[in-house]
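Only the coordinates and a few stated rules stand behind these numbers; no lab work does. Given the structure is predicted, the values throughout are model-derived calculations rather than measurements. FYI the Cβ positions are ideal-geometry reconstructions off the backbone, even for glycines, and counts take in every protein chain you see.
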Amino acid sequence: MSRSDEPPPTPASDHDIQTVRVELGARSYDIRVGEGLLAGAGEAIKPLAGGRRVVVVSDETAGDLHLDTLAASLAAAGVGGDAIVMPPGEETKSFEALSGLMDRLFEIGIERRTLLVALGGGVIGDLVGFAAAIALRGIDFVQIPTTLLAQVDSSVGGKTGINVEAGKNLVGAFHQPRLVLADVAVLETLPRRELLAGYAEVVKYAAIDDAKFFHWLEANGAALADGDAALRARAIAHCCAAKARIVAADEREGGVRALLNLGHTFGHALEGAAGYSDALRHGEAVAIGMALAFRLSVRLGLCPGQDADRLVAHLDAVGLPTRPTQIRGVDWEVDDLIRRMGADKKVADGKLTFILARGIGKSFITQDVARGDLAAVLDEAVSE
Ligand code: NAD
Ligand code: GLY
């Protein structure tokens, strides 16, 4: 594993760290949130490594920026390791990349007690989690999320997987990590666009069932996006606690966990239509998807228009897209979007599942949406 000559930054002290527990019986684990966790990751990982080498998997961008700190921390804790660096981008969540990763893992020589460490955003976390789920019928892994999106959402809850031609995340497994280390300091290197994409998932938690948090975000969201680390840590721990509660209640999405898909039925279809390209980041698709879910709710007479306006105004204010037409270079077609929604995992008995809202913080799950209403909302959205 590559090592820097620089001394590692000072690890976080315990009082700077907030710990959220995901209660899943024997598979329970901690999410630690704070500044400087990466530099102390070696000591945190050591008990899980059980004296064996670990394999850190990152992508070129996150790896260039943060792998040296992790490597130095593992070495300082006496944990030996190897590193595999994947290309960045959504294409890395593919069978091809998974196959390449598996070959590298077996070349290195993994065994049942080898620990994988995912250092990166949601792409690396989903890919490495899935590799850990299927390698040798399941090995342990640790998530070190380096994007805001991964820190508040994808690194928690054990959804792992890859994309296939038919749609996003259609091949995967539930496989919980042993530990999540969310170091707020690594977000300093994150481009603003990526930071905002993650912020969409932060707003999602508020829109689902936490109007008080939404109010807090209206007051603090801009400063959080501009770099206030204390606000970031507070919001990340709050979101992780919300996700931990939902995952503990419904790990495999038989019910309440589906609420976390607010904005995603629309969002995944938009991402697919954009070819999973850089034109539209996942979090941006979720922002547009939430706006569409609220507009559909208003059209169905379920949600006051002012709540939808307030949600859209906040997303707009921080600089997130709320309409498909803000995304350049994509030919949006309503029939194509509806067809893509039909290929989503959230279809049950041939019916689309939507997360709609009776207001901010009042989301619910329904399959009761007529195609005409859906088409009308999409028609308006792709023509404005
Ligand atoms: P990503 O992993 O592609 O990261 C975004 C970009 O930021 C990449 O180019 C990456 O190299 C770069 N990057 C990462 N950390 C950085 C840092 N600290 N500084 C600078 N650059 C950095 O994308 P993402 O938005 O983190 O995750 C999106 C993925 O997550 C999608 O595939 C989505 O389906 C998945 N997801 C999964 C879940 C789940 O529950 N498993 C939930 C939400 C999203
Ligand atoms: N991101 C949705 C979930 O974890 O269920």
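Here are a few things to note about the model shown:
- Amide H contacts of Gly120 (H built 1.01 Å from N, in plane; Pro and chain starts excluded): Ile144, Thr146 sit under 5 Å, all sequence-distant by 5 or more or on other chains.
- Rounded to whole numbers, the Karplus 3J(HN,Hα) couplings from phi for the range 165-175 are 3, 6, x, 7, 6, 7, 10, x, 8, 7, 8 Hz, using 6.51 cos²θ - 1.76 cosθ + 1.60 with θ = phi - 60°, and x at Gly and Pro.
- Here's the picture: charge each Lys and Arg Cβ at +1 and each Asp and Glu Cβ at -1 in the range 11-94, and of Val33, Thr19, Val85 the one pushed furthest to the positive end of that dipole is Thr19.
- Between Asp103 and Ala219, the simple spin-label model (points 7 angstrom out along Cα→Cβ) gives 5.5 nm.
- Given their separation in residues at 0.36 nm each and the Cα-Cα distance between them, Ile338 and Asp373 gain 11.4 nm when the chain is fully extended.
- Size of electric dipole in the chain: Cβ of Lys, Arg +1 and of Asp, Glu -1, about Cα centre, debye, nearest 20: 1160 debye
- Positive-end residue, the chain charge dipole about Cα centroid, Cβ charges, pick of Gly50, Gly305, Gly263: Gly50
- Bridge type composition, the chain - antiparallel percent by DSSP, nearest 5: 40 percent
- Point-charge dipole on Cβ atoms (K/R +1, D/E -1) for the range 258-384, about Cα centre, debye to 20: 400 debye
- Counted by neighbouring Cβ atoms within 10 Å, the residues Ser94, Ser58, Ser155 run from fewest to most as Ser94, Ser58, Ser155.
- Spin-label zone in the range 141-160 - amide nitrogen under 18 Å from a point set 7 Å from the Cα of Arg192 along the C-beta vector: 148-149
- Rounded to the nearest whole Hz, the Karplus-based 3J(HN,Hα) values (6.51 cos²θ - 1.76 cosθ + 1.60, θ = phi - 60°) of the range 37-50 follow the sequence 5, 5, 5, x, 4, x, 5, 5, 7, 3, x, 7, 6, x, with x at glycine and proline.
- Per-pair calculated FRET efficiency, R0 = 45 Å: Ala279 and Asp16 via Cβ, rounded to 0.05: 0.75
- The 3J(HN,Hα) values that the Karplus relation (6.51, -1.76, 1.60; θ = phi - 60°) gives for the range 354-367 are, in residue order, 10, 9, 10, 9, 8, x, 5, x, 10, 8, 8, 9, 8, 10 Hz. Gly and Pro appear as x.
- Cα-based shape type of the range 233-384, given that a ≥ b ≥ c are square roots of the gyration tensor eigenvalues and the cut on a/c is 1.5: rounded
- With one equal scatterer per alpha carbon and no solvent term, the Debye-computed log10 I(q)/I(0) for the chain at 0.06, 0.10, 0.13 1/Å reads -0.21, -0.60, -1.02.
- Efficiency of FRET between Glu384 and Arg358 - r from beta-carbon atoms, R0 30 angstrom, step 0.05: 0.75
- In this calculation the C-beta distance from Ala317 to Val256 is compared with R0 = 35 Å, giving a FRET efficiency of 0.75.
- For Val54, distant residues with modelled amide H under 5 Å away: Gly80, Gly81, Asp82
- Point-charge dipole on Cβ atoms (K/R +1, D/E -1) for the range 128-282, about Cα centre, debye to 20: 260 debye
- Approximating the spin labels as points 7 Å out from Cα along Cα→Cβ, the Leu24-to-Ala229 distance works out to 3.0 nm.
- Close amide H contacts of Asp140 (hydrogens built in the peptide plane, cut-off under 5 Å, sequence separation of 5 or more or a different chain): Leu116.
- Peptides 374-384, 325-335 ordered by packing proxy, namely the average of other Cβ atoms within 10 Å per residue, highest first: 374-384, 325-335.
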